[in-house]
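> This is the structure I want to talk about, given as structure tokens.
Bear in mind these aren't lab numbers, they're just calculated from the coordinates by the rules spelled out. The structure displayed is predicted, hence computed values, not measured ones. Here the Cβ positions follow ideal geometry from the backbone for every residue, glycine too, while neighbour counts run over all protein chains shown.
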Amino acid sequence: DILLSKMYTNKPGAVIRELSSNAWDAHKEAGKEDVPFDLHLPTWLDQSFYIRDYGTGIPHSQFEVIYTNVGKSTKEGSNELIGGYGLGSKTPFTMTDTFMVENWNGGIKTTWICFKDKGEPQVSKVSEEPSDEPSGLKVSFSFDDGDVTLLLLPSLVTGWLKITSTQIIMKMLW
């Protein structure tokens with residue numbers, strides 16, 4: 001808890017950057033670099049945030065280990081991907097005490113609630129069901145009123161210029 005809180009001075013920016021990097025890596029691993037991931041930025045009317053990638057998802061048996069261990073990554077040992085330190089998937093904890101992850105892998109969709117217990121990341125499986133949706137992950141949570149203001153400008157720019165949020169994020173990354 002202390003590690004993540006102290007690492008990022010711009011917490012909303014870190015959440016977007018880290019989760020977008022994870023989505024990009026997931027697409028790269030799945031050979032889908034040309035497929036955009038979905039990014040929904042909060043507004044005053046809809047304060048939800050989500051990012052949905054179309055990579056391979058996380059094997060269901062590994063999900064709990066990945067999401068509850070700071071420093072655990074699916075990308076360890078790769079020089080081809082952005083991430084690999086096991087911090088990015090936990091960055092929503094810098095903004096909220098709970099968030100949801102929907103995981104599509106192997107024709108099964110699992111939904112998890114991620115939360116902190118005594119400052120440590122924990123997960124609990126909410127549901128598991130067969131799915132014909134494309135593989136990947138969707139991470140979602142709602143921002144508080146004050147935090148929405150920090151993200152409102154990119155949302156307005158996206159609508160005005162008719163470009164995707166993914167293009168803005170990728171431009172920010174490089």
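> Pairs Lys90/Lys118; Lys11/Lys125; Lys28/Lys90; Lys32/Lys125; Lys118/Lys138: which are spaced more than 18 Å apart, C-alpha to C-alpha?
Pairs exceeding the cut-off: Lys11/Lys125; Lys28/Lys90; Lys32/Lys125; Lys118/Lys138.
> Tabulate in residue order the Karplus-calculated ³J(HN,Hα) for the range 109-117, using 6.51 cos²θ - 1.76 cosθ + 1.60 with θ = phi - 60°, rounded to whole Hz; enter x for Gly and Pro.
10, 10, 10, 10, 9, 9, 8, 9, 10
> Spin-label point model (7 Å from Cα, Cβ direction): what's the Ser140 to Gln122 distance in nm?
In this crude spin-label approximation the distance works out to 2.4 nm.
> Count charges around Pro134 for me, please; just the other residues with Cβ under 13 Å from its Cβ, Lys/Arg as +1, Asp/Glu as -1.
-1
> Between Trp44 and Glu133, what FRET efficiency follows from the Cβ-Cβ distance if R0 is 30 Å, with the result rounded to 0.05?
0.50
> What are the residues whose amide H is under 5 Å from the amide H of Gly55, where those residues sit 5 or more places off or on another chain and H is modelled from the backbone?
Close amide H contacts, sequence-distant or interchain: Leu137.
> Within a Cβ distance under 10 Å of Thr91, other residues only, what is the Lys/Arg minus Asp/Glu net charge?
+2
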